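The values are calculated or read from the model by the stated rules, or taken from the named source; none is laboratory data. These numbers come from a predicted model, not from an experiment. Every residue, glycine as well, gets a Cβ built from its backbone with ideal geometry; the counts of neighbours run over all protein chains shown.
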Amino acid sequence: MKRLLFLGNSHLVAVQAAWQAAQPKGYEAEFFGAPQRDWARMALLPGNLFGLTVDGATKRQREMTEKANGKPAVSLDHRDILVIVGSFPAADPLAILLADCDVTGLRETGAATLLSDTLFAKACQSLAEAQLPPSGWQNRDETVLMLPRPAPAETCLGSTFPGYRAWHRLAAAPGGVSAAFGRFDDGLKAVMAECNLVYIPQPARTRTAIGLTAGHLLAPGGGIKAGEDKKRGDHAHMNISYGAACIAELLTALQES
Amino acid sequence: MPSPYEGLPPFAFWKSAVQDRAALDPGALYTPRFPVTRNMRIVTAGSCFAQHIGRELRQSGFRVTDAEPLPAVIPDALAHDHGYRLYSARYGNIYTTAQLLQLYDEACGRLSPADPVWQKNTRFYDAQRPGLDPGGLATAADVLEHRAHHLARVKDAFDSADLFVFTFGLTEAWIHKATGTVFPTAPGTIAGSFDPDLYAFKNYDMVEVLNAFTTFMKRLRKANRKVRFLITVSPVPLTATASGQHVEVATAYSKAVLRAVCGKLHADDDGVDYFPSYELITSTNNRGVYFEPNKRSVSAAGIAQAMKMFHGAHTLTPRVTTTGHDHDPRCDDAMLEGFAR
């Protein structure tokens, strides 16, 4: 029996629901999570714990964390596998880069900036390194799996909110985007592997040609609401089907590791 | 008749303007000829000192053109290593007016520089900006593709500028003998190889520097009638000279020529203003404190003082405090220090 501990922000919800529905055999899992604003106040703590930092968290955050998890911090002792869910964006920074830049031999859209293949590789490396978790998560004895935050759902293309500008640009000029994401994911996998982390890319079957998450995977309540197409909206949180796709990838990675 | 010096303002006399001035007080060195405003589209170019000016203008809320932008997700260090976010397009340092004219002529399709691609081992470099792709590109065709893209961006940027800020840096350069094509670095320094039958050292004189810049202004104004010019002289001494003279003597010659050209341009053309950053940084009133310990690089305090003078003269309040920061300008000529014994 392998002992898993899932840690994550609000994106943990879809994965947790899917795991509990599937009940994979041979694993014993525990979940510990918090919304991003609280998750951002969490860190590795003395005593091999993970939870809210004493100095950084408010009383309300401690109460909310205890309510959701039954405790303010979780022990990492006696775990075989740690799974960190949703703590890094993976897709968005690359989308921003590709929205404004062409890449020799990969993407030609008439953008103002043309990157050499070499610089694109360095840029991907830089973006990947920026997504590494704090050093305490690196080179641990447990297997540490890293699941990214999903790319926004394709429903975001119905929003004029400026935060989705890059994705609008990719939708209008999709050439080379898919290949670019493939190269980026390979690079991110390599960067994380150097720190003894296992990167689980967002499952390919959950993504559209330009890298957004397929609209049918959006969690209930998300998408564009009537009269709110200028707002950010919720195009970020996915449903149990998305979680199931992630679990399938995760189990495959565990079998291979 | 009284003496023509009678009644002149205090700044006209060394004693009142310099000798009696408090140490590090920049004085009233700069009286703008025309206002520089935040809605002007500004293009910057020149020697590596110009990187400071461009960055400070941008941080101060001026509309400095970036014709080849990189999104903010790319860190400055990586961007700067590849020539991004240094100037209004990715041309790198333009040390001589001959190089500036050549660049614009090339962007307008008037000429094709000789020997456009340099090689080092199995990699290929743009001879007009060899330091901007560390490690080079895979093929000569890649270099030419990137150059064509760059030139289109240069033309757009220059032709749409309201204010063209240029820092005169050097008189010394290396040229292709047969065609006069000028290079920003000596062949063989970053890439390529030096062949004395093909290349020659050139130390431009005042007439040549002046003619190149006036020709550039004339040609740019044909495409862009509204453009005005703000010119400066880099206070940064030469890293090395190939003139055969002592580097200090060569520096004095170079700066004297460039300063004289700027004076002539300013005197002859109402569309040209001169910003005295050279005088501010090198003033004996500053006791050399605006230079780093190498007595060559301008210190953060010097840059901040220059920008303070600029803002003050244009009655502008900096939107972001000019930090002086630890920015390390990308100077191709710094590589020459590697040849010092």
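Can you tell me which residue is farthest from A:Ala253 (Cα to Cα) among those in segment A:174-230 that are assigned to a strand (DSSP E or B) and not polar (S, T, N, Q)? Let's see the steps before the verdict.
Here is the first cut: in segment A:174-230, the ones assigned to a strand (DSSP E or B) are A:197-199, A:207, A:213, A:218, A:223.
So of that shortlist, the ones also not polar (S, T, N, Q) come out as A:197-199, A:207, A:218, A:223.
Working: A:Leu197: 12, A:Val198: 8, A:Tyr199: 9, A:Arg207: 19, A:Leu218: 24, A:Gly223: 31 Å.
Within segment A:174-230, the match that is farthest from A:Ala253 (Cα to Cα) is A:Gly223.
For segment A:108-123, give me the residue count where each residue is surrounded by 18 or more Cβ atoms within 10 Å (Cβ to Cβ), more than 7 Å from chain B (Cβ to nearest Cβ) and within 25 Å of the chain's Cα centre (by Cα).
Residues meeting the conditions: 1.
So, in segment B:121-133, how many residues would count as being in contact (Cβ under 8 Å) with a residue 24 or more places away in the chain, more than 9 Å from every other protein chain (Cβ to nearest Cβ) and part of a loop (DSSP other than H, G, I, E, B)?
Qualifying residue count for the region: 3.
Spot the failing condition for A:Ala244; the list is (1) surrounded by fewer than 17 Cβ atoms within 10 Å (Cβ to Cβ); (2) modelled with pLDDT of 95 or more; (3) closer than 15 Å to A:Leu147 by Cβ, and only one is missed.
(1)
Can you find a residue in segment A:151-170 that is within 14 Å of another protein chain (Cβ to nearest Cβ), in contact (Cβ under 8 Å) with a residue 40 or more places away in the chain, surrounded by fewer than 23 Cβ atoms within 10 Å (Cβ to Cβ) and not in a helix (DSSP H, G or I)? If you could, list the steps in order and put the result at the bottom.
At the first step, the residues of segment A:151-170 found to be within 14 Å of another protein chain (Cβ to nearest Cβ) are A:162-163, A:165-167, A:169-170.
Then drop every residue that is not in contact (Cβ under 8 Å) with a residue 40 or more places away in the chain, which leaves A:163, A:165-167, A:169-170.
In the following step, the residues that additionally are surrounded by fewer than 23 Cβ atoms within 10 Å (Cβ to Cβ) were identified as A:163, A:165-166, A:169.
From what's left, not in a helix (DSSP H, G or I): none.
No, because not a single residue in segment A:151-170 is within 14 Å of another protein chain (Cβ to nearest Cβ), in contact (Cβ under 8 Å) with a residue 40 or more places away in the chain, surrounded by fewer than 23 Cβ atoms within 10 Å (Cβ to Cβ) and not in a helix (DSSP H, G or I).
So which residues in segment B:65-83 are charged (D, E, K, R), more than 7 Å from every other protein chain (Cβ to nearest Cβ) and in a loop (DSSP other than H, G, I, E, B), if there are any at all? Spell out how you get there, then give the answer.
First, the residues of segment B:65-83 that are charged (D, E, K, R): B:66, B:68, B:76, B:81.
Subset that is more than 7 Å from every other protein chain (Cβ to nearest Cβ): B:66, B:76, B:81.
Of everything in segment B:65-83, just one residue is charged (D, E, K, R), more than 7 Å from every other protein chain (Cβ to nearest Cβ) and in a loop (DSSP other than H, G, I, E, B), namely B:Asp66.
Please list, ordered by first then second residue, the pairs with beta carbon atoms under 6 Å, 6 or more apart or interchain, first in segment B:48-76 and more than 27 Å from A:Gly110 (Cα to Cα), second assigned to a helix (DSSP H, G or I).
These pairs meet every condition: B:His52/B:Ile303; B:Glu56/B:Met307.
Answer with yes or no whether B:Pro26 is in a loop (DSSP other than H, G, I, E, B) and without any contact (Cβ under 8 Å) to a residue 24 or more places away in the chain. Before you say what the answer is, go through the steps one by one.
On the way: in a loop (DSSP other than H, G, I, E, B): yes; without any contact (Cβ under 8 Å) to a residue 24 or more places away in the chain: no.
When the stated conditions are applied, B:Pro26 does not pass them.
Test each condition in (1) under 23 Å from the mean Cα position of the chain (by Cα); (2) surrounded by fewer than 23 Cβ atoms within 10 Å (Cβ to Cβ); (3) more than 11 Å from chain A (Cβ to nearest Cβ) for B:Asp115 and report the one that comes out false.
So the condition that B:Asp115 fails would be (1).
Output the residues belonging to segment A:124-146 that are at the interface with chain B (Cβ under 10 Å from one of its Cβ atoms) and either in contact with a Ser or Thr (Cβ under 7 Å, 6 or more places away or on another chain) or farther than 26 Å from B:Glu145 by Cβ (or both). If you could, list the steps in order and put the result at the bottom.
Filtering segment A:124-146 down to residues at the interface with chain B (Cβ under 10 Å from one of its Cβ atoms) leaves A:125-127, A:129-130.
The answer is A:Glu129, A:Ala130.
B:Val18: under 26 Å from B:Val209 (Cα atoms) and not small (Gly, Ala, Ser), yes or no?
The answer is no for B:Val18.
State all residues of segment B:1-22 that are of a type in the set (D, E, K, R) and not in a loop (DSSP other than H, G, I, E, B); if no residue qualifies, say none. Even if it seems obvious, please write down each step before you answer.
Of segment B:1-22, the ones of a type in the set (D, E, K, R) are B:6, B:15, B:20-21.
The answer is B:Lys15, and nothing else.
If we scan segment B:148-164, do we find a residue that is more than 30 Å from B:Pro276 (Cβ to Cβ) and in a loop (DSSP other than H, G, I, E, B)?
If we filter segment B:148-164 for residues that are more than 30 Å from B:Pro276 (Cβ to Cβ), which is where we start, we get B:148-153, B:155-156.
With in a loop (DSSP other than H, G, I, E, B) added as a condition, the list becomes none.
No, the conditions are met nowhere in segment B:148-164.
Take the residues in segment B:134-183 that are without any contact (Cβ under 8 Å) to a residue 24 or more places away in the chain, within 14 Å of chain A (Cβ to nearest Cβ) and surrounded by fewer than 18 Cβ atoms within 10 Å (Cβ to Cβ), then tell me which one is nearest to B:Ser88 (Cα to Cα).
Only one residue fits best here, namely B:Ala148.
In segment B:28-63, which residues are surrounded by fewer than 19 Cβ atoms within 10 Å (Cβ to Cβ), within 19 Å of the chain's Cα centre (by Cα) and either basic (Lys, Arg) or at positive phi (or both)?
B:Arg41, B:Arg58, B:Arg63
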